[in-house]
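Trainee: There's a structure below that I have some questions on.
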There are 6 protein chains.
Amino acid sequence: MTREERYEHGLKVLREIDGEAGQKVVDSLADISPELGNQVVSWAFGDIYARPGLPPRDRQLVTLGMLTALGGCEPQLEVHINAALNVGLSPAEIVEALLHSAVYCGMPRALNATFVAKKVFAERDLLPVVT
Amino acid sequence: MTREERYEHGLKVLREIDGEAGQKVVDSLADISPELGNQVVSWAFGDIYARPGLPPRDRQLVTLGMLTALGGCEPQLEVHINAALNVGLSPAEIVEALLHSAVYCGMPRALNATFVAKKVFAERDLLPVVT
Amino acid sequence: MTREERYEHGLKVLREIDGEAGQKVVDSLADISPELGNQVVSWAFGDIYARPGLPPRDRQLVTLGMLTALGGCEPQLEVHINAALNVGLSPAEIVEALLHSAVYCGMPRALNATFVAKKVFAERDLLPVVT
Amino acid sequence: MTREERYEHGLKVLREIDGEAGQKVVDSLADISPELGNQVVSWAFGDIYARPGLPPRDRQLVTLGMLTALGGCEPQLEVHINAALNVGLSPAEIVEALLHSAVYCGMPRALNATFVAKKVFAERDLLPVVT
Amino acid sequence: MTREERYEHGLKVLREIDGEAGQKVVDSLADISPELGNQVVSWAFGDIYARPGLPPRDRQLVTLGMLTALGGCEPQLEVHINAALNVGLSPAEIVEALLHSAVYCGMPRALNATFVAKKVFAERDLLPVVT
Amino acid sequence: MTREERYEHGLKVLREIDGEAGQKVVDSLADISPELGNQVVSWAFGDIYARPGLPPRDRQLVTLGMLTALGGCEPQLEVHINAALNVGLSPAEIVEALLHSAVYCGMPRALNATFVAKKVFAERDLLPVVT
């Protein structure tokens, strides 16, 4: 695969999972670090996300756990809560995953992530969440 | 104790320590994750904070240390610097605890937490802090 | 539900998911912090894990993501990689989830978690992992 | 104050709080980074710990919170759980502070810190802890 | 050296490296924690930065790595990306260092730091970065 | 470039920088996650490390900063303190970089990293470090 083909392949996977939000991140890197944008597309999505060993819904569950635990990743949580909805997780499942995170990361991380979910769900007219 | 009694008990403790700020966090969870609000109240405050083994002032010292170290917990620091004042820590003691944090967490975490204290103290008309 | 019933319920869930490893952690807390053991059982497993909103396999995917991201949680990763196997994740899926973690946590966290998986899989005679 | 006086002053404070354990850390730095040892003594203990604004018992409560939250600081937790005992915190209070940490840092950090306490208390013949 | 001389020395180093931004941080601490400001100046810059063992450019490379890895240190990253430019790192070298950070900290930390660089470079009219 | 050429290229860079230690990490992944080993080689070293925009010595300064800040990365610090020596950083410069880290990460992270350096320098007969 050429460098261009690898990029195109990654971009297709990125769009399927992250939708417009992923493309916007890559675009906003164009004048500061196009190579970081290239690595997000070609490596993260083209090489890793595209692998068949774990379906997209499972990858987003792992990703929500990681971003919640890391802290300070609210912009990425916003992208990936959208992505989680895009790949088939329901609002109630996402909220439950973030409640679960309180056990391992503590209340502050769980609260911060849940308020990002509230913002995303409000934008997509998904509130209130019925569990 | 029934589930309702546990919640009422936790809410009483939450109000004594966090005041209005704690109630606001719980209220803002109502349409996204009422169960997370329930766990903050019933578990964190009803089960853990309410235990007699460590007085409220000591719990806030530990809590300030943890929130400063975790990073990215500015909203929770705001609540708990208020809580620290509510349970009897003086502004000078809080500032000293955050200075102490520089030894273990480094300057950036100590600075970020101190600027949250500045915001809280300004709102409560407690500036300048005289040490 | 009484305190005892809540504990018994949590213990049942803990055993289903973590098996003997979870029980060992609780036992080793008996002389230092029996209440922490009680909270692991009654709260983490009885209240949170037992909720029907997210199946056990999904909870372990979120948990593997969090423990990998937190760092320094090798003992808990060992318990939960075992738990992941117990609830139906295959060795190849676990390995893929940890590969995926490199995108969000970086190579050191992904490597450390993968070497814990190697230890667990060796003990359960699951090596080599075929993907 | 000369550099030597500042060091002697810090060493006195270090010994009062950390006891032999603190001295050992400084000694083990002698052939690799004597200046880091000097900064631990002169700055951390001489400049910060020695300040009168927060008593030693309060400083250890903050410190236990920070070291638990940071993760991967088991060697420092060992020193500071000893220090906490040295400055008047009871085993039961230390254990309660670490239970409290579960609310903010999650169960893995609380467990890891509690097992360090178990090691220290065993060495000082303080088990079982009666709460 | 007197306390005043130590402070003046540190202030000189701070201004050489951080420029106005460092002074602003110290000024904004005046009414909340002047001692934290004093420690930033006298200890961090006067004692540590001023040491001859590592040139300023090298110190900023280490610092960019730490601030990116810690997360939640966007205000400090802003100061230190400015500082990195002040001590001779080119925009392209800074961007490359942050791309490199993706390997060790993962994409979210690398992205967050790179967007701080974009803000700083825009203010200093250094966009687009040509690599 | 074919997948095989990309791997061979990365392996060459890995060996130049990490020496035998890097190869050992990759080898130990063979039966658990050969793809993670492939990504370390082909992506981290072949794609990122190999870029000309930042020389190897600079990359190790950034890397030491990140690994110290992350915490819990002692195995990776061991590899990269060796790598730092391999690419031309002197023991005294490495020790100074880790002293510098105390300002941003606090004493525990600085101490843990310095004790890893002590282990590596002892193995390479580089103690005591003369500054």
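Trainee: Is it true that some residue in segment A:88-103 is open to solvent by less than 10 Å² (accessible area, probe 1.4 Å) and closer than 29 Å to E:Val120 by Cβ?
Mentor: no
Trainee: So, one more: Answer yes if at least one residue in segment B:37-55 is within 28 Å of F:Met107 (Cα to Cα) and at pLDDT 95 or above, and no otherwise. Steps first, please.
Mentor: Our first condition is that a residue be within 28 Å of F:Met107 (Cα to Cα); within segment B:37-55, this holds for B:54.
From the residues that got through so far, the ones that are at pLDDT 95 or above too are B:54.
For segment B:37-55, residues within 28 Å of F:Met107 (Cα to Cα) and at pLDDT 95 or above: present.
Trainee: Related question: Mind telling me which of the residues A:Tyr49, A:Tyr7 ends up being over 17 Å from the mean Cα position of the chain (by Cα) and on the phi < 0 side of the Ramachandran plot?
Mentor: Numbers: A:Tyr49 fails: over 17 Å from the mean Cα position of the chain (by Cα).
A:Tyr7 is the lone residue from the list that is over 17 Å from the mean Cα position of the chain (by Cα) and on the phi < 0 side of the Ramachandran plot.
Trainee: Criterion first (at negative phi, surrounded by 15 or more Cβ atoms within 10 Å (Cβ to Cβ), in contact with a Lys or Arg (Cβ under 9 Å, 6 or more places away or on another chain) and more than 11 Å from chain F (Cβ to nearest Cβ)) does E:Leu36 satisfy it?
Mentor: Numbers: at negative phi: yes; surrounded by 15 or more Cβ atoms within 10 Å (Cβ to Cβ): yes; in contact with a Lys or Arg (Cβ under 9 Å, 6 or more places away or on another chain): no; more than 11 Å from chain F (Cβ to nearest Cβ): yes.
So E:Leu36 fails the test.
Trainee: Report, by residue number, each residue of segment D:62-77 that is within 17 Å of D:Gly19 (Cα to Cα), open to solvent by less than 10 Å² (accessible area, probe 1.4 Å) and within 9 Å of chain B (Cβ to nearest Cβ). Quick ask: steps written out before the conclusion?
Mentor: Quick first cut of segment D:62-77, residues within 17 Å of D:Gly19 (Cα to Cα) only: D:63-64, D:75-77.
Adding the requirement that they be open to solvent by less than 10 Å² (accessible area, probe 1.4 Å) leaves D:63-64, D:77.
Within segment D:62-77, D:Thr63, D:Leu64 qualify.
Trainee: Can you pull out every residue in segment F:112-123 that is free of Cβ contacts under 8 Å to residues at least 40 places away in the same chain, more than 7 Å from every other protein chain (Cβ to nearest Cβ) and of a type outside the set (Asp, Glu)?
Mentor: F:Phe115, F:Ala122
Trainee: List the number of the failed condition for E:Arg57; all other conditions in (1) within 14 Å of E:Asn86 (Cβ to Cβ); (2) of a type in the set (D, E, K, R); (3) surrounded by fewer than 17 Cβ atoms within 10 Å (Cβ to Cβ); (4) more than 12 Å from chain F (Cβ to nearest Cβ) hold.
Mentor: (4)
Trainee: Still on this structure, please answer the following. Are there any pairs, at least 6 apart or on different chains, whose C-beta atoms fall under 8 Å, with the first in segment D:21-49 and outside the structural domain of D:Gln60 (by TED's automatic domain parsing) and of a type outside the set (A, V, I, L, M) and the second outside any helix (DSSP H, G or I) and open to solvent by less than 10 Å² (accessible area, probe 1.4 Å), and if so, which?
Mentor: Pairs found: D:Gly37/D:Leu29.
Trainee: From the residues in segment D:3-33 that are in contact with a Ser or Thr (Cβ under 6 Å, 6 or more places away or on another chain) and among the small types (Gly, Ala, Ser), which one is nearest to the other protein chains (Cβ to nearest Cβ)?
Mentor: Top of the filtered list is D:Ser33.
The values are calculated or read from the model by the stated rules, or taken from the named source; none is laboratory data. A quick note: this is a predicted structure, and the numbers were derived from the prediction, not measured. Note that we place each Cβ from the backbone using ideal geometry, even for glycine, and neighbour counts take in every protein chain shown. The area values use the complete protein model at the heavy-atom level, side chains included, leaving out ligands, DNA and RNA. Shrake-Rupley method; radii C 1.70, N 1.55, O 1.52, S 1.80 Å.
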